[in-house]
Amino acid sequence: MGEWRTASGPGQNRRLLGTILVDGAFVSQGDLGEAIERQRRASAQLGGILVGMGVLNELELEAVLSVQREFDTPEDAVRAAAGVRELLGELLVRTKRLTPESLGEALAEQDRTGEKLGEILIRRGLITASELEAVLAFQQRQGEGKTVPSPLRLGELLVRTRMISRDRVEEALRRQKLSKKQIGEILVDLGYLKPEQVAQGLKLQQKLLTAALAAALSFTSVLPARAFDLPPSRTGGRVQIAIETVVKARTEERGPRYIQKVIVSEPDREKGVADLDDPSTELASRR
């Protein structure tokens, strides 16, 4: 497949710290909400508040801050892909685009029909074509080999979090070219890290990879059209309108806004159409 690109430019959609932390399952949405409330009452940085709450440790915070700017655009987020190439379904489950149950049903259909999994997921309305393209680009990047630079490669991540010096990582990389061992194993063999430190680095890597893919997917986020029943028309029949909402890639650390009601003019109700850009269409929403 070709290189995946969008029209977004650098800095246009800065990924918020709290969003990355939730996407990577460093903290829960509830913990983030509590931290934001505390931040409103006191002049303090969000990361420091979460560390003080005991839901995030200093190493995790440093790791996220070191790569935050790498998620500014979908291209950056895809380029951050690293590690072993993962299966399409696994990536979508990790980013909560699919549930394990829905993936299982799609895989069962794939066994019956021989179709590609992505095509099945799109037909079932579980993902969009743009989301599939983003995941496939991320997956392809993972499979491009150890020589492709990425802020989320284990050695780079260990350096960024100051768990080890760059010189020692480069030495391990040189030795890796003559060995089939993983870089973590080599660092342990050389006595530069303990096994538990490598395990900690790998755990950080997996969380950040999930957050990177979630960032890439967020730039494609379009809520599929939803049908709303309208009251019976004068002719006695019922009609439906379809409302499609485009979600901006830039998000804010607050709860979502929900459309509470849609009041449609009588002519539009008869036609079953509502133009949300039309000022005559009244929307009542709440936080």
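Coordinate-derived values only; no laboratory data. The shown structure was predicted, so the numbers you read here are calculated from the model rather than taken from an experiment. Backbone-built Cβ (ideal geometry, glycine too); neighbour counts: all protein chains shown.
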If you take the residues of segment 20-49 that are in contact (Cβ under 8 Å) with a residue 24 or more places away in the chain and not in a helix (DSSP H, G or I), which of them is nearest to ASP72 (Cα to Cα)?
GLY24
Being part of a helix (DSSP H, G or I), without any contact (Cβ under 8 Å) to a residue 24 or more places away in the chain and of a type in the set (Gly, Ala, Ser) is the filter here, so list the residues in segment 52-94 that pass it.
GLY52
Check whether at least one residue in segment 73-93 is in contact with a Pro (Cβ under 9 Å, 6 or more places away or on another chain), over 16 Å from LEU217 (Cα atoms) and crowded, with 18+ Cβ neighbours inside 10 Å, and report yes or no.
yes
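Every residue, every condition in (1) of a type in the set (D, E, K, R); (2) without any contact (Cβ under 8 Å) to a residue 24 or more places away in the chain; (3) in contact with a strand residue (DSSP E or B) (Cβ under 7 Å, 6 or more places away or on another chain), yes or no:
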residue	(1), (2), (3)
SER102	no, no, no
ASP111	yes, yes, no
ARG123	yes, yes, no
THR128	no, no, yes
GLN139	no, no, no
LEU154	no, no, no
MET163	no, no, no
Which residue pairs have Cβ atoms under 7 Å apart, sit 6 or more places apart or on different chains, and have a first residue in segment 195-212 that is without any contact (Cβ under 8 Å) to a residue 12 or more places away in the chain and on the phi < 0 side of the Ramachandran plot and a second that is surrounded by fewer than 21 Cβ atoms within 10 Å (Cβ to Cβ) and part of a helix (DSSP H, G or I)?
PRO195/VAL188
Can we say ARG168 is part of a helix (DSSP H, G or I), free of Cβ contacts under 8 Å to residues at least 12 places away in the same chain and basic (Lys, Arg)?
no
